[in-house]
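Participant: Starting off with a structure, shown below.
Where a number appears in this text, it was derived from the coordinates with a stated rule and is not lab data. Given the structure is predicted, the values throughout are model-derived calculations rather than measurements. Note: ideal-geometry Cβ built from the backbone for every residue, glycine included; neighbour counts use all protein chains shown.
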Amino acid sequence: MIRTAERGDAPNLHEGFRAVVEEGTWLPTFSANSHISDWVHWIDKTKHNRDILLIAFIDDQYAGHLTLQPEEWNASQHVAKLGIIVLKAHRHVGVGRSLMLACEEFGLEHDFTKIILSTFDDNVVAKSLYLHLGYRVVGIRKNHFNMPSGFIDELLMEKELV
Ligand SMILES: CC(C)(COP(=O)(O)OP(=O)(O)OC[C@H]1O[C@@H](n2cnc3c(N)ncnc32)[C@H](O)[C@@H]1OP(=O)(O)O)[C@@H](O)C(=O)NCCC(=O)NCCS
């Protein structure tokens, strides 16, 4: 089940993000400094701006979430930046794919006609998911992230929805 976030989801979003950051493998963030109140604030804002926060549940249990945020430029308001995480325990059973498909519908409803994202070049699962859904690689930033495991390239991808 996928729906937009409500205030009561803040602890799940906070904990989910913290858990994925703690894995130290997938995101270029070393520590999750946000507080639950930051998530409440963000959720509240989504009721008035064009940010989209989608949550996936399996049997009523939080499984992961996806965010879409408009680009900053006036001339790029049709473009949304995507972020996605799925809890380790719920990966590889289609949650990510469901979130990605749902966000295209929500995106179009919010007048987004293009989605952009970036991922570590060595993130095989994420890359495969995005490619299968029609995202194309538009660039590679060499050695863009200095992770504990070493330097990693950043892969830039995008998809036009219409
Ligand atoms: C990347 C991530 C969001 C994918 O979500 P998921 O729920 O695990 O993926 P799904 O089960 O929906 O699988 C979607 C696609 O991923 C690929 N995939 C899934 N498991 C895979 C595996 N073990 N090996 C390779 N590819 C795999 C497949 O291409 C699959 O497509 P298909 O259904 O057409 O075969 C999730 O694994 C995750 O949160 N990882 C850690 C955080 C992260 O990497 N976030 C993205 C940063 S850019």
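Participant: Would you mind counting up the charge near N143? Only other residues with Cβ under 15 Å from its Cβ, with Lys and Arg at +1 and Asp and Glu at -1.
Facilitator: That works out to -2.
Participant: While we're here: Could you line up V162, V79 from fewest to most neighbouring Cβ atoms inside 10 Å?
Facilitator: With the fewest neighbours first, V162, V79 line up as V162, V79.
Participant: Averaging sequence separations of C-alpha pairs under 8 Å and six or more residues apart, then dividing by the length of the chain, give the relative contact order as a whole percent.
Facilitator: For the chain, the relative contact order is 18 percent.
Participant: Related question: Would you mind checking segment 61-75 for residues with the amide N under 12 Å from a putative spin-label position 7 Å along Cα→C-beta of A32?
Facilitator: Within reach of a label on A32: 63-65.
Participant: Let's see if you can work this out: charge +1 on each Lys and Arg Cβ, -1 on each Asp and Glu Cβ, no other charges. What is the dipole magnitude of the chain about its Cα centre, in debye to the nearest 20?
Facilitator: 220
Participant: Taking a ≥ b ≥ c as the square roots of the Cα gyration tensor eigenvalues, with a/c under 1.5 meaning rounded and otherwise prolate when a/b beats b/c, else oblate, which class fits the chain? Intermediate values should be presented prior to the final figure.
Facilitator: Numbers: a/c = 1.38, a/b = 1.08, b/c = 1.28.
Here the chain falls in the rounded category.
Participant: Another question about this same structure. Can you put Y130, Y135, Y62 in order of Cβ neighbours within 10 angstrom, beginning with the fewest?
Facilitator: Y62, Y135, Y130
Participant: Can you list the aspartates and glutamates whose alpha carbon sits under 16 Å from that of K81, skipping same-chain ones fewer than 8 residues off?
Facilitator: Cα-Cα hits under 16 Å: D51, E71, E72, E104, E105, E109, D111, E154, E158, E160.
Participant: Taking the Cα centroid of segment 4-69 and of segment 105-140, what is the distance between the two, rounded to the nearest whole Å?
Facilitator: If we compute the Cα centre of each part, the gap is 19 Å.
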